[in-house]
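This report refers to the structure that appears directly beneath it.
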Amino acid sequence: MSDELTALITLAEQDKLIWEVQRKLRGIPVQLADSRKRLNAEQVLLDEVKIPWEQWDGEIREKESTIEIAQETITRFEEHMKAVTTQHEYMAARKQIDEARRLNVRLQDEIVESRVKQEELEPQLKEVQTRYDKVLEDYQVVEAEILKVQSGLEADIAGYEQAKSEVAGKVDSQSLKYYERLASSGKFPALVPTVAGICSGCNIALPPQDYNQLIANPARYKTCSHCTRMIYYEPPAPSEEEQEEESRSA
Ligand SMILES: [Zn+2]
């Protein structure tokens, strides 16, 4: 077998390995999405409780700051009342203070109401939050494992590409171009052995003349007249008897 044919066979072997790894890589987003499903379902349950709870929380904070501002208004008008000289000014200040106090009482009541609702929801919130956290933790473990597998596969591909580039120099540039064109056009694998006169790419028998030429020149590849793949002659595997014979003589 020539160096070129050996190199081409190596290229084809590496491409087959790359193809298998790429197939596995394509499955990874599906695996990730599958393991996310349970987390997403828990997220929905959590949101159902957490969103209203947080909404009340926001409303409470808003009302508390309104109360604070109203309280400042009350203080300011109380100070002002000490300095007023007319009944009219006194009544106006009194009115402002009363309004601010009424507002505060209403807001305090509303805050109490929201807090009661929050308290009622609290055990449920705790329960779904705990469950969500556990599912998230499990998901993160699975995700890390999947991503580890993914980077392992990517490293494998880099290794196969490296092996390809090491032998590519031994292949004539025309042959290499032809090989790559076949591979990229979906003729995969682009280089195949012939098995008992049959192209193992398209499984169609070679014209006897072509097959005889292959046998006569086992160091060279030919192209399959049917599928255009590069084909080479691979001697049939020795039978068991022949293997025994060989091991005895070795
Ligand atoms: Zn063929």
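The values are calculated or read from the model by the stated rules, or taken from the named source; none is laboratory data. None of these values were measured; they are calculated from a predicted model. All Cβ positions, even for glycine, are placed from backbone atoms using ideal geometry, and neighbour counts span all protein chains on display.
Of the conditions (1) in contact (Cβ under 8 Å) with a residue 60 or more places away in the chain; (2) assigned to a loop (DSSP other than H, G, I, E, B); (3) not hydroxyl-bearing (Ser, Thr, Tyr), Asp156 fails just one. Which one is it?
In the conditions (1) in contact (Cβ under 8 Å) with a residue 60 or more places away in the chain; (2) assigned to a loop (DSSP other than H, G, I, E, B); (3) not hydroxyl-bearing (Ser, Thr, Tyr), Asp156 misses (2) alone.
Sort out which residues of region 130-146 are of a type outside the set (A, V, I, L, M) and either surrounded by 15 or more Cβ atoms within 10 Å (Cβ to Cβ) or within 15 Å of Gln22 (Cα to Cα) (or both), and write them in order of number.
Once the filter is applied, which keeps residues that are of a type outside the set (A, V, I, L, M) and either surrounded by 15 or more Cβ atoms within 10 Å (Cβ to Cβ) or within 15 Å of Gln22 (Cα to Cα) (or both), region 130-146 yields Tyr132, Tyr139, Glu143.
More than 23 Å from Arg61 (Cβ to Cβ), surrounded by 13 or more Cβ atoms within 10 Å (Cβ to Cβ) and among the aliphatic types (A, V, I, L, M): is that true of Met91 in this structure?
So Met91 does not fit the description; no.
Mind telling me which of the residues Ala205, Ala155 ends up being assigned by TED's automatic domain parsing to the domain that holds Ala7, modelled with pLDDT of 90 or more and within 45 Å of the chain's Cα centre (by Cα)?
After ruling out the rest, the residue left standing is Ala155.
Given (1) more than 44 Å from the chain's Cα centre (by Cα); (2) modelled with pLDDT of 90 or more, where does Tyr233 come up short, assuming only one miss?
For Tyr233, the exception is condition (1).
What number of residues within region 1-44 satisfy the criterion of being free of Cβ contacts under 8 Å to residues at least 40 places away in the same chain, closer than 15 Å to Gly152 by Cα and over 14 Å from the mean Cα position of the chain (by Cα)?
The qualifying residues number 2.
Looking at Val149, Val167, can you tell me which residue is within 23 Å of the chain's Cα centre (by Cα) and surrounded by 13 or more Cβ atoms within 10 Å (Cβ to Cβ)?
Val149
Name the one entry in Leu17, Leu45, Leu8, Leu39 that is in a helix (DSSP H, G or I), assigned by TED's automatic domain parsing to the domain that holds Gly152 and touching a strand residue (DSSP E or B) at 6+ places or on another chain (Cβ under 6 Å).
Answer to the selection: Leu8.
Do we have Pro193 as in contact with an Asp or Glu (Cβ under 6 Å, 6 or more places away or on another chain) and not assigned by TED's automatic domain parsing to the domain that holds Ile18 here?
Here the answer is yes, as Pro193 does meet what is asked.
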